[in-house]
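Structure, as structure tokens:
Quick note: the coordinates plus some simple rules give every number you see, no bench work behind them. Just so it is clear, the structure is predicted and the values come from calculations on it, not from any experiment. Neighbour counts run over all protein chains shown; Cβ positions are idealised from the backbone, glycine included.
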């Protein structure tokens with residue numbers, strides 16, 4: 001495994017939370033479609049998470065994709081003829097904002113109840129000797145300037161609404177800060193145990209800190225394309241109530257995965273009543289209560305890895321992997337169990353479902369099927385789209401990342417608007 005592959009795996013484990021970096025992903029179709037490495041985001045609060053990354057689609061090169069043989073690509077109709085499956089008439093009424101001409105967005109990206117208030121780029125950095133570490137450069141949306149501004153923070157998670165952000169000065173950090181986006185002093189909370197990540201609860205009232213005794217993003221470079229993880233023990237998590245000025249630490253040791261990776265962040269569940277982490281090499285979830293005690297998997301939450309967007313706000317749809325070669329992504333009807341592939345739409349191959357805008361629209365990463373820079377030639381060249389779950393037209397939200405797997409690629413952090 002190379003350093004870049006390690007980075008992609010690390011970022012993937014952040015991206016599965018609804019608000020986090022969410023989408024650094026490498027996917028395969030056909031015989032290889034179940035062997036994937038996702039880079040998303042999460043970041044903060046998610047994750048992040050955020051989960052943006054790369055979407056390798058080797059199956060596109062191998063053929064078997066609708067629309068690449070001269071025929072017109074099929075359009076997925078995710079709701080069939082069931083009238084009750086139509087989106088809530090009140091959904092989608094908020095203004096859709098994007099920056100379709102910029103490879104890295106300069107103005108706010110938002111749709112429905114979801115906004116990208118922050119994003120980061122990543123790089124590999126030499127630390128000492130043969131050690132390297134993954135480092136993030138954060139940009140935060142400033143409503144006064146109307147643009148994303150570069151920040152000095154090592155970690156950042158915007159609160160719902162985008163008016164404030166939780167920050168770390170370094171990885172690990174001995175304190176957590178809360179800063180208002182429009183300026184002002186940082187309010188600091190000293191920690192009993194160093195922090196490697198922090199995220200806001202879905203309602204924006206609490207902070208979840210993942211505690212580590214050292215930097216969890218370091219590796220020892222042993223030679224070309226070989227490395228060894230530098231152990232950084234996760235010590236547990238800390239819950240902070242900023243309004244009350246109270247914090248509670250709960251020790252939770254990380255389960256061993258053979259030292260494949262040392263970062264083991266915690267995430268909020270959808271309603272903020274539970275906390276979870278990835279186990280089984282990132283393929284399943286383990287849940288905890290606010291007291292740190294294990295809890296059973298909730299009946300209304302998927303326990304296995306699915307697409308980063310997860311459940312739609314109303315709980316009707318689950319963003320899933322496609323069951324066949326006609327698509328990479330799909331929507332599972334939680335009432336009937338039917339899984340409906342999201343086949344090519346308006347000339348786009350839908351690579352990853354990153355976040356829900358509302359019950360009828362999902363934000364996705366996609367590449368172009370045709371053209372000199374199409375999916376077959378440049379499968380890692382992708383942009384954010386707003387996709388109608390009924391199979392209607394898509395709306396571009398950003399320009400194209402030329403190679404989402406390379407250092408410097410931007411990764412969005414999705415937050416509640």
Next on the checklist: Under the rule a/c < 1.5 gives rounded, and otherwise a/b versus b/c splits prolate from oblate, where does the stretch 308-370 land using the Cα gyration tensor?
Outcome noted: oblate
Next on the checklist: Quick check: pseudo-label points 7 Å beyond the Cα along Cα→Cβ at residue 186 and residue 248, how many nm apart are they?
Outcome noted: 2.7
Checklist entry - residue 271 label point, 7 Å along Cα→Cβ, cut-off 15 Å on backbone N: hits in the stretch 295-333? => result 296-302, 311-316
Item to check | the stretch 252-332 shape via C-alpha gyration tensor axes, a/c threshold 1.5 | outcome: oblate
Checklist outcome for this item: Length gained if residue 304 through residue 106 is fully extended, taking 0.36 nm per residue and subtracting the Cα-Cα distance, is 67.8 nm
Checklist entry - Using Cα pairs under 8 angstrom and six or more residues apart, how large is the relative contact order of the stretch 219-314, in percent? => result 16
